Every structure is written in structure tokens, then in C-alpha cells.
Amino acid sequence: MKHTLTALTGALILAAGAATAQQNIVVGHSLSPTSHYGIGAQAFIDTLNELSDGAFTGDQAPAGQLGGERDMIEGLQIGSMDVVITSTGPLGNFVPEVYALDLPFLFRDYDHARTTLDGEIGQELLAKIDENQLVGLAWTENGFRHVTNSQRPVRTPEDLDGLKLRTMENRVHMEAFSEMGASPTPMAFPELFTALQQGVVDGQENPVTVITASKFWEVQGHVSLTGHVYSPAVVLASPILLDGLTEEQRGWFYEAAKASAAATRAEVNRLEDAGVALLRENGMEVITDIDKAPFAELAEPAYAVYTDQYGSDMVDRIKAVE
């Protein structure tokens, strides 16, 4: 009987230890669970669970439930957040070097952008992120950004004159739109839909993925496919979380982030094909016949926000990527 009790006690202790060892990871982001971020977040959770054989479980905190992107990034630094998928707009406030990725009309196409971020330059920038109380796990994306507004179709820079456009908290973007004639108004993404609805701002700029996920057709009548900036995103983790893991466990997080990025990019590809049709179906006027050269010429001075401080080497290297 004594041996039976001892064995039973040991089994209960092991079971309790296994339960304690299981850890739930919250992945925060600013969009809906069905968006490209949501699909990426779920891929992260599923891959981490699979690699850890169930030791790590996960949940999404979508739609800015835990704050704007800047708030969530700060949460990673103090350990109140686990993992965040975020655009690079607010990240520049913490890691200014990433501003190089936000220069207007810098990336030629998706292949150019993805090759750059998956290669040497992308790894260098992830290392810079790691120096700022954050862990950069992998580059993911939103896509090329376009302008929507409630006032008029935008075909030329003159059509931007006087439009109050919400931008990210990103000095490069704000300067570029000022140069192109708009009135940039930075605000956190969770505030945007209401601001458009109430006329606080006339328009905004985001990739088709975000425009469709947010149903901006409910408050915007015009979209112009300006493709003025490629919008990368990044999967970040809290160093406080990762420092408490084994080397093998940390490896699972990096692999989960790669799976997240792959799933997100696949959804971006799908929406690039289907999203424009969806916008039209929901009543938006889609302007495709845009000469980008005048926009690019006016936006050129915005490069100085980055190059005056960091030089042009990174910009030149990105342009040279084949």
C-alpha cells in the first residue's frame, strides 16, 4: 500500500509539473483575427504548439485589444506582452535604423522587398532591434501602401492638396506627405476608423490588405493605387520572455515566426489579387491610372530624414539588391 501511495504521489507531482510547464503565449496585433496579421498570428501559435509538443499554447489579442502598436512594443520591453506583430511605423521610435525601409518609392516590387528583408540587410536590421530591449524574430509584411479618402479621387499630387491624411507615427511618412501636399495627421491605428467616420481626417494610407480587413469602404469612397511605400512588418518578442527559455525553446519561437511570415505573405499575395475587386464590389472608386513619377519626385526630400543622420549607404545597398 505504501509503495502504491508513493507511486501515486509521484505521478501527481509529475502531472502538476507538466501542467506548470505549459505556457500560454499571447500574440498581439492591431487587425482582425481574419486579417493577414490574424492568419500570421495563428500560424505562429500553431507552429509553436507543434514544435513544443503542446508545451506552449497560444491566443491572439487582435484588433488593438491590448493597445496601439507603440503601446504593445513598450509592453514587450517591460515584459507585459509576449509576442507582437507590428508595422515598422512606430518601431522607428525605438529603432531608428528601420526608417530606411519606409522611404517612399524605394522598393521596386514584392520580390525586391522580400529578398532584401530575408537577406543580409534584413538580418542586420533585426540585430539592431535586438539592441533595443526587443527581440526581432522575423520580417513579415503588410504590402504596398495606397491612399484612400472621402473627398475626391487622387490621380496627381495636386489632388492631395489640403487633404488631412492619417499617417503612422513615422517621420519619414509624415515628411513625404507634407512634400506631396497633404496634411499628415499621425494617430494610433485603433483610433482611425472613428476618426474617418467623424471627419477628423479625410483619408488614410495603407495596403489593400489593411483596407479590406478594416472595411474602410464604410467610411471612404476613393482609393488610389499609389504604391508609394512598401510596408514591412515584423514579429517581435519580449526579451524578458525569451531570456527565461532554453536555447531549444528560443529556436521554436524563431521557427514559429518564419511560419507566421510565410502565411502572412501568402495572404498578402491572395489579397493583392482579390482585394481590389472586393473594394469595387463594396462601392469604392479605385484609381489605377496613376503616374507615380511626380509623386516620387516630390517625396524625394523625405529621404533626408534618414540620410542626414545615417548616411545613404543603407539606401544604396537596398536599391542595389537584385
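Data overview
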{"read-out": "Residues that are outside any loop (DSSP other than H, G, I, E, B) and either in contact with a Leu (Cβ under 9 Å, 6 or more places away or on another chain) or touching a residue at least 60 places away in the same chain (Cβ under 8 Å) (or both), drawn from the range 283-299", "value": "E285, V286, I287, K292, P294, F295, A296, L298, A299"}
{"read-out": "The range 188-212, residues that are over 15 Å from the mean Cα position of the chain (by Cα) and in a strand (DSSP E or B)", "value": "G203, Q204"}
{"read-out": "Given (1) part of a loop (DSSP other than H, G, I, E, B); (2) on the phi > 0 side of the Ramachandran plot, number of the condition M81 does not satisfy", "value": "(2)"}
{"read-out": "Residue match in the range 300-308 (condition: under 21 Å from S35 (Cα atoms), among the β-branched types (V, I, T) and in contact with a helix residue (DSSP H, G or I) (Cβ under 6 Å, 6 or more places away or on another chain))", "value": "no"}
{"read-out": "In the range 303-322, residue surrounded by the fewest Cβ atoms within 10 Å (Cβ to Cβ) [restricted to those that are closer than 24 Å to D111 by Cβ and among the aliphatic types (A, V, I, L, M)]", "value": "A320"}
{"read-out": "Criterion (more than 16 Å from the chain's Cα centre (by Cα), among the charged types (D, E, K, R), surrounded by 15 or more Cβ atoms within 10 Å (Cβ to Cβ) and not in a strand (DSSP E or B)) met by exactly one of R270, R280, R250, R265", "value": "R250"}
{"read-out": "Enumeration of residues in the range 94-121 that are of a type in the set (D, E, K, R), over 25 Å from E74 (Cβ atoms) and under 17 Å from the mean Cα position of the chain (by Cα)", "value": "R114, D118"}
{"read-out": "In the range 37-75, residue surrounded by the fewest Cβ atoms within 10 Å (Cβ to Cβ) [restricted to those that are in a helix (DSSP H, G or I) and of a type in the set (V, I, T)]", "value": "I39"}
{"read-out": "Selection status of S238, among the hydroxyl-bearing types (S, T, Y), modelled with pLDDT under 95 and crowded, with 19+ Cβ neighbours inside 10 Å", "value": "no"}
{"read-out": "Output for the range 82-113, where each listed residue is surrounded by 23 or more Cβ atoms within 10 Å (Cβ to Cβ), at pLDDT 95 or above and hydroxyl-bearing (S, T, Y)", "value": "T86"}
{"read-out": "Among (1) assigned to a helix (DSSP H, G or I); (2) out of contact with any Phe, Trp or Tyr (no Cβ under 9 Å at 6 or more places or on another chain), the one test that T185 misses", "value": "(1)"}
{"read-out": "One residue from R265, R317 being within 14 Å of L103 (Cβ to Cβ) and in contact (Cβ under 8 Å) with a residue 24 or more places away in the chain", "value": "R317"}
{"read-out": "Residue in the range 133-150 that is within 30 Å of G79 (Cα to Cα) and either more than 18 Å from the chain's Cα centre (by Cα) or without any contact (Cβ under 8 Å) to a residue 60 or more places away in the chain (or both) present", "value": "yes"}
{"read-out": "Among (1) touching a residue at least 40 places away in the same chain (Cβ under 8 Å); (2) part of a helix (DSSP H, G or I), the one test that Y230 misses", "value": "(2)"}
{"read-out": "Scan of the range 151-182 for residues that are in a helix (DSSP H, G or I) and of a type outside the set (S, T, N, Q), ordered by number", "value": "P157, E158, D159, L160, R171, V172, H173, M174, E175, A176, F177, E179"}
{"read-out": "I25 modelled with pLDDT of 50 or more and assigned to a helix (DSSP H, G or I)", "value": "no"}
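The values are calculated or read from the model by the stated rules, or taken from the named source; none is laboratory data. What you see is a predicted model, and the numbers here were worked out from it, not measured in a lab. For neighbour counting, all protein chains shown are included, and Cβ atoms are generated from backbone atoms with ideal geometry for every residue, glycine included.
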